[in-house]
Amino acid sequence: MKKTVIGIDGMMCGMCEAHVSDVIRKNFEVKKVTASHGKGVAEVISENGLDEEKVKSAFEPTGYRVLSFSEEEYEKKGLFSFLKKNK
């Protein structure tokens, strides 16, 4: 699983967060999307990660602008994950 953090310019309110999340869901196969206008980012959890150029292309007609793009491995943390021993 991959966690992608996309910096997005132009989000001003909760409705903007919903629009950004909708663009991502419609164009990519994702597990979870969370957008924050206060932080100016959208965090995406997906199986295989996202293509940066496709993300930029998806946002071009919307009026929002992609400022940054980063990916990292994502491990789901469960309720009792603190009990697991590091191997």
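The values are calculated or read from the model by the stated rules, or taken from the named source; none is laboratory data. Values in this document were obtained by computation on a predicted structure and should not be read as measured data. Note: ideal-geometry Cβ built from the backbone for every residue, glycine included; neighbour counts use all protein chains shown.
Restricting to region 30-55, give me the number of residues that are modelled with pLDDT under 95 and over 18 Å from GLU73 (Cβ atoms).
Qualifying residue count, region 30-55: 0.
For the structure I just gave you, tell me whether SER70 is of a type in the set (Ser, Thr, Tyr) and either loosely packed, with under 12 Cβ neighbours inside 10 Å or touching a helix residue (DSSP H, G or I) at 6+ places or on another chain (Cβ under 8 Å) (or both). Walk me through it before giving the result.
Values: of a type in the set (Ser, Thr, Tyr): yes; either loosely packed, with under 12 Cβ neighbours inside 10 Å or touching a helix residue (DSSP H, G or I) at 6+ places or on another chain (Cβ under 8 Å) (or both): yes.
Yes, satisfied.
Got a sec? Which strands (runs of 3 or more DSSP E) wholly within the chain have at least 3 residues that are of a type in the set (Val, Ile, Thr)?
Numbers: elements: 2-9, 32-36, 41-46, 65-73.
In the chain, 2-9, 41-46 are the strands (runs of 3 or more DSSP E) which contain 3 or more residues that are of a type in the set (Val, Ile, Thr).
Looking at the structure I just gave you, is ASP22 acidic (Asp, Glu), surrounded by fewer than 17 Cβ atoms within 10 Å (Cβ to Cβ) and more than 12 Å from the chain's Cα centre (by Cα)?
Considered against the rule, which asks whether it is acidic (Asp, Glu), surrounded by fewer than 17 Cβ atoms within 10 Å (Cβ to Cβ) and more than 12 Å from the chain's Cα centre (by Cα), ASP22 comes out as no.
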